[in-house]
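Note sheet for the following structure.
Values in this text are rule-based calculations from the coordinates and carry no lab data. Every value quoted in this text rests on a predicted model; they were computed, and no experiment measured them. Here the Cβ positions follow ideal geometry from the backbone for every residue, glycine too, while neighbour counts run over all protein chains shown.
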Protein chains: 2
Amino acid sequence: MKKGNGSWVFPNQPTILTTGVVGGPFEKNGLLKDDFDFFYNDLWMGQKSYENAHRVLIEDAVQTALQKKKISPQQVQFFLSGDLINQITPSSFAARSIGIPYIGLFGACSTSMEGLALSAMIINGGGADYVVTGAASHNAAVEKQFRYPTEYGSQKPPTAQWTVTGAGYALIGTREQEVNPAPRIISATIGKVLDLGLKDPFNMGGAMAPAAVETITQHLEDLNIEPSYYDLIVTGDLGTIGRNVALELFDQRKIAIDKSMFQDCGLMIYRDGQPVQAGGSGAGCSATVLYGHLLNQMKGGTYKRILVVATGALLSPLTFQQNESIPCIAHAVAIEWI
Amino acid sequence: MKKGNGSWVFPNQPTILTTGVVGGPFEKNGLLKDDFDFFYNDLWMGQKSYENAHRVLIEDAVQTALQKKKISPQQVQFFLSGDLINQITPSSFAARSIGIPYIGLFGACSTSMEGLALSAMIINGGGADYVVTGAASHNAAVEKQFRYPTEYGSQKPPTAQWTVTGAGYALIGTREQEVNPAPRIISATIGKVLDLGLKDPFNMGGAMAPAAVETITQHLEDLNIEPSYYDLIVTGDLGTIGRNVALELFDQRKIAIDKSMFQDCGLMIYRDGQPVQAGGSGAGCSATVLYGHLLNQMKGGTYKRILVVATGALLSPLTFQQNESIPCIAHAVAIEWI
């Protein structure tokens, strides 16, 4: 199980049995629209507040995942979820209606892989038959909290990223529950908090890149493998700036990573011309891209082995106001189609 | 491992090897002052902000725990922590200086047992040699965020609770690392989110009591044991009102719990006459009382088997303003001195 410094190898190969992926109007116009289960056409989603809409996204994604496999919430032992809203209330309020014993997580945009790594640990250790995990974000709820309500129309610099409206949740089970080839969780690396002193919340990709590189380096070292072991190493969400910083850092560390197999969820989800500046972000970005698009690509044979590295900026509006720098983290999970 | 509906049994008996417990000036005047490692005499703790002071509490408690056992952070694989501050920044900023791979949690005041249960799961499954886990709160930082700055001197009703300034952290390891009798983690139950529609943030004990009773009932059922199996069932933090509600609910469910063995961390930590209304609360309350006082009591032979049930109110100031009710949760961990 334990490997090196913060890594786990899962000999029992916990398996992603099914997923639910729900998006908003902006994502419906994006590049990956065929990889979502469904979309809402507006950000209110029939609710009175954006926060309630955020909760609905989570409930929908979880229900969608369970329904595909005809599993009831009563058959699932644990629900691991988190989001960016203060006190992760969308996740906790969703847990109230879902009714599965609940483990609340906070890792900002790294939450998706924090939850998947822990879920794999639980399944691998015999702690559950089924676990549901995932992460979500809602553009208007998150922007309102971290920046300004979008209705203000305040301008953003080109280094800023666009918060994804979306929820990606997965039903994780044991290897035995899926005898056909399926996405198996092979290993994971939990990251350390890194902070190089950057303070600009409008350039979080740049701030998070060193954490991504650190976790990837640690993962390769702990498992004693080369980057080429994977068909794809995909970060979430460094955006344009962060991805370039990461590639430079790999160069400096003399780690040979083929640019074409080093991608970023925040750069995959939207179409050229959508006004997302440096790319997508938010806890729901890597969750929707992995549980929708990337697993579809694996199913289609494009990738056999991928390493998903979700990155999180662990700041708050208050720490920014208090002139603190931005602590960052990245968690990696290796998935193989076998 | 898996038992019933949300419970784990740990055959490998992960062990609490040592703890670090740090408090503030108010706790220094409390009933359990001899069970803390040390205190700060003022809430600033040499920092420029209460949030930084909150972080320092966590760093101190972790360092104290590690030093007692002469373990370096490099020997510890994972740090599981959470608190009540938006985006749990005190925990994340502490993780930055501590340098151990970090798993951020949010369970409000239930975080202490969420972290201990997950740590036991990781150790039991062979996922680490050492894990550090715990929770913390800082009266002024938390009150400022959830209510009003204490300097305003705003009045509170008698049902309100007082946020503990304190951090309780524990070094968890394998059974083999401590051959002498020690606190072993035997089982745990992860709770579901319950919400009976209460909306008063000044009576959180009353809101949380049903969640505590639900988790305790589930735990007893999953493990097929009677309440008398334990020498003590201790909640954190129902306070006066919540404890009475819980006792009534046990009566209604015909679960025989001896009042004297059903205690509450929020009612243990302060002295009669301290103006804490219905008792202590905050993520640091159950963490400091367990990792200080209760383990000392176990060491002294007062208790051999205890069930610690940390309760959390998963609301936010925003959900209160939006007229939502308070979703609550409780997680239970069974510890035996063997």
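Within the straight-line cut-off of under 21 Å between alpha carbons, the lysines reachable from A:LYS3 are A:LYS192, sequence neighbours fewer than 8 places apart in one chain being disregarded. Along the axis of the charge dipole computed for chain B (Cβ charges of +1 for Lys and Arg, -1 for Asp and Glu, origin at the Cα centre), the listed residues B:ILE185, B:PHE250, B:TYR229 are led at the positive end by B:ILE185. Computed over segment B:50-147, relative contact order equals 37 percent, with contacts defined as Cα pairs under 8 Å that lie 6+ residues apart. Give me the Kirkwood hydrodynamic radius of the protein assembly as shown, using the inverse of the mean 1/r over all pairs of distinct Cα atoms, in Å to one decimal. Across the protein assembly as shown, the inverse of the average 1/r is 24.3 Å.
Round to a whole angstrom and tell me the spacing of the C-alpha centers of segment B:79-95 and segment A:301-338. Rounded to whole Å, the Cα centres lie 16 Å apart. Going by the alpha-carbon gyration tensor, a ≥ b ≥ c the square roots of its eigenvalues, is segment A:45-117 rounded (a/c under 1.5) or, if a/c is not under 1.5, prolate (a/b greater than b/c) versus oblate? Oblate, since a/c reaches 1.5 and b/c is not below a/b.
Once a ≥ b ≥ c are taken as the square roots of the eigenvalues of the Cα gyration tensor of segment B:139-235, is the result rounded (a/c under 1.5), prolate (a/b larger than b/c) or oblate (a/b not larger than b/c)? Let's see the in-between values first.
Details: a/c = 3.06, a/b = 1.53, b/c = 1.99.
Verdict is oblate for segment B:139-235.
Rounded to the nearest 20 debye, the dipole size of segment A:181-337 about its Cα centre is 340 debye, using +1 on the Cβ of Lys and Arg and -1 on the Cβ of Asp and Glu. Among A:GLU226, A:GLU221, B:GLU324, A:GLU27, sorting on how many other beta-carbon atoms sit within 10 Å of each Cβ, with the fewest leading, yields A:GLU226, A:GLU221, B:GLU324, A:GLU27.
Straight-line cross-link partners of A:LYS144 among the aspartates and glutamates, defined as a Cα under 12 Å from its Cα and at least 8 positions apart when in the same chain: A:GLU51. Think of each Lys and Arg Cβ as +1 and each Asp and Glu Cβ as -1; about the Cα centre, that makes the dipole of the protein assembly as shown roughly 400 debye. In whole Å, what is the distance between the alpha-carbon centres of segment A:52-68 and segment A:154-207? Their Cα centres are 19 Å away from one another. Mean residue ellipticity at 222 nm, helices only, chain B: -9500 deg cm²/dmol; runs of at least 4 DSSP H residues each add -39,500 (n - 2.57), and the sum is divided by the number of residues. Here chain A is treated with +1 on each Lys and Arg Cβ and -1 on each Asp and Glu Cβ, and its dipole about the Cα centre works out to around 340 debye.
Multiplying the residue separation of A:LEU31 and A:TYR229 by 0.36 nm and subtracting their alpha-carbon distance yields 68.6 nm.
Sort A:ASP237, A:ASP195, B:ASP251, B:ASP34 by Cβ crowding within 10 Å, fewest neighbours at the top.
B:ASP34, B:ASP251, A:ASP195, A:ASP237
Expressed to the nearest 5 percent, the antiparallel share of DSSP beta bridges inside the protein assembly as shown is 65 percent.
Across the options A:ALA310, A:ASN296, A:GLN321, the greatest Cα extent toward the positive end of the charge dipole of segment A:223-338 (unit charges at beta carbon of Lys, Arg, Asp, Glu) belongs to A:ASN296.
Applied to segment B:295-309, the Karplus parametrisation 6.51 cos²θ - 1.76 cosθ + 1.60 on θ = phi - 60° returns per-residue 3J(HN,Hα) values of 5, 5, 5, 5, 4, x, x, 5, 10, 9, 10, 10, 10, 9, 10 Hz, with x for Gly and Pro. 3J(HN,Hα) along segment B:42-50: 9, 7, 7, 6, x, 9, 8, 9, 5 Hz, from the Karplus curve 6.51 cos²θ - 1.76 cosθ + 1.60 with θ = phi - 60°, whole Hz, x for Gly and Pro. For a straight C-alpha distance cut-off of 19 angstrom, the lysines reachable from A:LYS299 (same-chain residues fewer than eight places away being disregarded) are A:LYS33, A:LYS68, A:LYS69. Peptide B:184-194 has a mean of 4 when you count, residue by residue, the C-beta atoms of other protein chains within 10 Å of its C-beta. Using the Cβ-Cβ distance between B:LYS254 and A:ASP129 with R0 set to 35 Å, the FRET efficiency from 1/(1 + (r/R0)^6) comes to roughly 0.70.
A Gaussian network model of chain B, with springs between Cα atoms under 10 Å, assigns the largest mean-square fluctuation among B:PRO227, B:PRO149, B:PRO201 to B:PRO149. Segment A:235-250 and segment B:129-148 have Cα centres separated by 33 Å.
Per-residue mean of foreign Cβ neighbours for B:311-318 is 5 (Cβ atoms of other chains, 10 Å radius).
Across segment B:277-282, rounded Karplus estimates of 3J(HN,Hα) from the backbone phi angles (6.51 cos²θ - 1.76 cosθ + 1.60, θ = phi - 60°) give 6, 7, x, x, 7, x Hz, Gly and Pro being marked x.
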